[in-house]
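One structure is given below, encoded as structure tokens.
The values are calculated or read from the model by the stated rules, or taken from the named source; none is laboratory data. Note that the structure is predicted; figures quoted are calculated from it, not measured. When we count neighbours, we look across all protein chains shown, and the Cβ atoms used for this are built from the backbone with ideal geometry, even at glycine. Side chains included, ligands, DNA and RNA excluded: accessible areas come from the protein's heavy atoms. Shrake-Rupley method; radii C 1.70, N 1.55, O 1.52, S 1.80 Å.
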Amino acid sequence: MKRHRNILIWAGFTVVIVALVSYIPIFTLFPVTRDIPWANYLLFLLGGGLLAVGVKRAFRDPEHYRGKIAGSILAVLSVLLFGFFVVSILYFGKQIPSGERALRPGQPAPPFVLQNIAGKQVASSELLKGHRAVVLVFYRGYW
Amino acid sequence: MSEFHDRGVEVIAISVDSPAESQKLCQSRGYSFPFLSDPDAQVIRQYGVLHPKGGAEGKDIARPAEFLVDTAGTIRWVNLTDDIRVRARPEAVLAAISRLRS
């Protein structure tokens, strides 16, 4: 009897890869899917589910389905990738100094003069003059 | 962004990136508010939001933070995240702005 290629294993693994790589380019763009990456967790769950069904049928019904070895390897890899994702989210994101040294409400904001993207010097006093308030957003940058 | 401008509030982004790098970012993301370059992290240090050696090759960079400064130059509201992925939501900043009148 001809043994079928076990497509679920590969489909599941592909979804797991998508779950891993889609977070930064796609899901960080929206606060709802960024702050808690539930969309990626769902994708991991979906990929893992497909993979699990594929592996199960490879072992239950090896006469019809291939993929005992490939499925096992991909399943282990998927678990590792999921672990890497979770660790990245829960650990690496928090490796920033505490904010205890930051200036607090009520303190004067130190004046500054910095270059804008056109290379022009911009003074904080000018910015404040023209506005009711300014929001200073400090960000890590892309160096 | 227009919600900020409607309230007379300007948003200013500050990082150690060079003006050229920030320009690329603004172009690719379509940002129209000012991006200022603090390559030596002097201003970042003054505001107490330095992340020493946080960048590539041990470069000093800014930790993510938002400061609301009123027209008198007084800090009125600060947001310090403990996770680089989680930034202040615009609603939270707008709420802080609406409390400014007092």
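Output the number of residues of segment B:21-40 satisfying the condition of being among the hydrophobic types (A, V, I, L, M, F, W, C) and modelled with pLDDT of 95 or more.
Taking segment B:21-40 and keeping what is among the hydrophobic types (A, V, I, L, M, F, W, C), we get B:25-26, B:33, B:35-36.
After this cut, where a residue has to be modelled with pLDDT of 95 or more as well, the list is B:35-36.
Total satisfying the criteria: 2.
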*asked:* For segment A:4-25: of the residues being open to solvent by 50 Å² or more (accessible area, probe 1.4 Å) and farther than 14 Å from A:Phe85 by Cβ, which is farthest from the chain's Cα centre (by Cα)?
replied: A:His4
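Could we say that A:Leu46 is of a type outside the set (Val, Ile, Thr), in a loop (DSSP other than H, G, I, E, B) and surrounded by 12 or more Cβ atoms within 10 Å (Cβ to Cβ) here? Working first, answer last.
On the way: of a type outside the set (Val, Ile, Thr): yes; in a loop (DSSP other than H, G, I, E, B): no; surrounded by 12 or more Cβ atoms within 10 Å (Cβ to Cβ): yes.
So A:Leu46 fails the test.
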*Which pairs have Cβ atoms under 8 Å, sit 6 or more apart or on different chains, and link a residue in segment B:1-14 that is farther than 16 Å from B:Gly30 by Cα and within 7 Å of chain A (Cβ to nearest Cβ) to one that is in a loop (DSSP other than H, G, I, E, B) and open to solvent by less than 20 Å² (accessible area, probe 1.4 Å)?*
B:Ile14/B:Asp38
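Does segment B:86-96 contain at least one residue that is within 7 Å of another protein chain (Cβ to nearest Cβ) and under 19 Å from A:Ser125 (Cα atoms)?
From segment B:86-96, those within 7 Å of another protein chain (Cβ to nearest Cβ) are B:86, B:89, B:93; that's our starting set.
If we keep only those that are under 19 Å from A:Ser125 (Cα atoms) too, we end up with none.
The answer is no; no qualifying residue exists.
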_With the condition being within 7 Å of chain B (Cβ to nearest Cβ) and either open to solvent by less than 30 Å² (accessible area, probe 1.4 Å) or touching a residue at least 12 places away in the same chain (Cβ under 8 Å) (or both), I'd like the strands (runs of 3 or more DSSP E) fully within segment A:88-141 carrying at least 3 qualifying residues._
A:133-138
*asked:* Here is a list: A:Asn40, A:Asn6. Which entry is of a type in the set (S, T, N, Q) and modelled with pLDDT of 95 or more?
replied: A:Asn40
*Which pairs do you get when a residue that is more than 7 Å from every other protein chain (Cβ to nearest Cβ), found in segment B:55-74, comes within reach of a residue that is part of a strand (DSSP E or B) and surrounded by 18 or more Cβ atoms within 10 Å (Cβ to Cβ), reach meaning Cβ atoms under 8 angstrom, with the pair 6+ apart or on two chains?*
B:Asp60/B:Leu50; B:Asp60/B:His51
*What tally of residues in segment A:49-87 results from selecting those that are surrounded by 14 or more Cβ atoms within 10 Å (Cβ to Cβ), under 28 Å from A:Thr28 (Cβ atoms) and not aliphatic (A, V, I, L, M)?*
3
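Looking at B:Arg89, B:Arg45, which one is among the basic types (Lys, Arg) and at pLDDT 90 or above? If you could, list the steps in order and put the result at the bottom.
Working: B:Arg89 fails: at pLDDT 90 or above.
Sole residue among the options that is among the basic types (Lys, Arg) and at pLDDT 90 or above: B:Arg45.
Check whether at least one residue in segment B:34-43 is closer than 16 Å to A:Gln115 by Cα and more than 9 Å from chain A (Cβ to nearest Cβ), and report yes or no. First the steps, then the outcome.
The initial filter retains those residues of segment B:34-43 that are closer than 16 Å to A:Gln115 by Cα, namely B:34-43.
Checking which are more than 9 Å from chain A (Cβ to nearest Cβ) leaves us with B:40-41.
For segment B:34-43, residues closer than 16 Å to A:Gln115 by Cα and more than 9 Å from chain A (Cβ to nearest Cβ): present.
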*Check off (1) surrounded by fewer than 19 Cβ atoms within 10 Å (Cβ to Cβ); (2) in contact with a Lys or Arg (Cβ under 8 Å, 6 or more places away or on another chain); (3) of a type in the set (A, V, I, L, M, F, W, C) for B:Val9 and give me the number that stays unchecked.*
(1)
*Taking the options B:Gly54, B:Gly8, name whichever one is closer than 24 Å to A:Gln95 by Cα and over 16 Å from the mean Cα position of the chain (by Cα).*
B:Gly54
